[in-house]
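Notes to accompany the following structure.
What follows is calculated from the coordinates using simple rules that are stated; it is not laboratory data. Please read all numbers here as calculations on a predicted model, not as lab measurements. Because the Cβ atoms are built from the backbone with ideal geometry, glycine has one as well, and the counts that use them run over all protein chains shown.
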Amino acid sequence: MESKKEVACLLQYMRENPAPLGSGKASELLQAAGFQVSEATVGRLLRYTDQKGYTTRQGFKGRVLTGLGRETIKDFLQTADRLKYSEELAKIVRSHSLESLLETLAARRAIEREIARLAALNIRPAQVEALGLLAREYQSARGEKVAEIDVAFHQALAEAAGNRVLRASLDLIRQDAQLAPILSYIRTQLHRQMFLEHKKIYDGVAANDPAAAEQAMITHIESIISDVKKYWNLVNGAE
């Protein structure tokens, strides 16, 4: 199997430079990128990209990227970005203590259960629509967007509740900008379907059912608390 990194290097170059890529130029750019490759290796890499349908030959001029090649390098770079983001978040998680995260979540549980209850009583039609959109977007969100939409969803609830003191209290708790990405990272690592919890909160609020909305929020926060504890046990080798 050819090196994914070497192939990606070639495809990325061709995506950014539409002129046909010859074997000599391919060798130069691979070596400049730090790969130790021979002419034979470069030839094998280029034949591989042809066989996979990533590139096509234009006579003796060289190779150009195909539609499949463009999609392949796009997917590769997106995956690389997500991996880098996850590695950065893992470092951030290690910089926080379990106790501080649990204390923050306990405070959120006390405040946001009341926010959800009041939102169910006071939400306006336009706010219901906006909250529903955020709940749906959360289902397909990936990477950094997960944390962004999570914050937006909870802020929209606080706005709909109509209590300035509760909203200010939530803003104070969320002053740590790393909190949402940390929690999203932990839950993603445990393969949680987080959008289902947001949907239940939305369903209670949209139905103007304060008891259902409050209970859905309690369940949501307690699920996060449980996952944080479970993640800490996993990474620290605890039973």
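Would you mind finding the one in Ile225, Ile182, Ile201 that is hydrophobic (A, V, I, L, M, F, W, C), touching a residue at least 60 places away in the same chain (Cβ under 8 Å) and closer than 15 Å to Ala106 by Cα?
None of the others qualify; the one that does is Ile225.
When you go through (1) out of contact with any Phe, Trp or Tyr (no Cβ under 7 Å at 6 or more places or on another chain); (2) surrounded by fewer than 18 Cβ atoms within 10 Å (Cβ to Cβ) one by one for Met217, which number turns out not to apply?
Of the numbered conditions (1) out of contact with any Phe, Trp or Tyr (no Cβ under 7 Å at 6 or more places or on another chain); (2) surrounded by fewer than 18 Cβ atoms within 10 Å (Cβ to Cβ), the odd one out for Met217 is (2).
Starting from residues that are free of Cβ contacts under 8 Å to residues at least 40 places away in the same chain and small (Gly, Ala, Ser), keep the ones in region 41-74 and report whichever is farthest from Ser3 (Cα to Cα).
Top of the filtered list is Gly59.
Using the structure shown, decide if Lys61 is over 22 Å from Ala80 (Cβ atoms) and either touching a strand residue (DSSP E or B) at 6+ places or on another chain (Cβ under 7 Å) or loosely packed, with under 12 Cβ neighbours inside 10 Å (or both).
Criteria met by Lys61.
If I ask for residues that are of a type in the set (S, T, N, Q) and crowded, with 18+ Cβ neighbours inside 10 Å, which ones from region 189-200 would you list?
Of everything in region 189-200, nothing turns out to be of a type in the set (S, T, N, Q) and crowded, with 18+ Cβ neighbours inside 10 Å.
Within region 139-178, how many residues are within 20 Å of the chain's Cα centre (by Cα), closer than 16 Å to Ala116 by Cβ and in contact (Cβ under 8 Å) with a residue 40 or more places away in the chain?
3
Inspect region 25-40 for any residue being without any contact (Cβ under 8 Å) to a residue 60 or more places away in the chain, under 20 Å from Thr79 (Cα atoms) and not in a helix (DSSP H, G or I) and give the result as yes or no.
Scanning region 25-40, I find at least one residue that is without any contact (Cβ under 8 Å) to a residue 60 or more places away in the chain, under 20 Å from Thr79 (Cα atoms) and not in a helix (DSSP H, G or I), so the answer is yes.
Taking into account only those residues within region 96-129 that are out of contact with any helix residue (DSSP H, G or I) (no Cβ under 6 Å at 6 or more places or on another chain) and small (Gly, Ala, Ser), which is farthest from Ala206 (Cα to Cα)?
It comes out as Ser97.
Please determine whether any residue of region 201-211 is of a type in the set (A, V, I, L, M), surrounded by fewer than 21 Cβ atoms within 10 Å (Cβ to Cβ) and within 30 Å of Gln78 (Cβ to Cβ).
no
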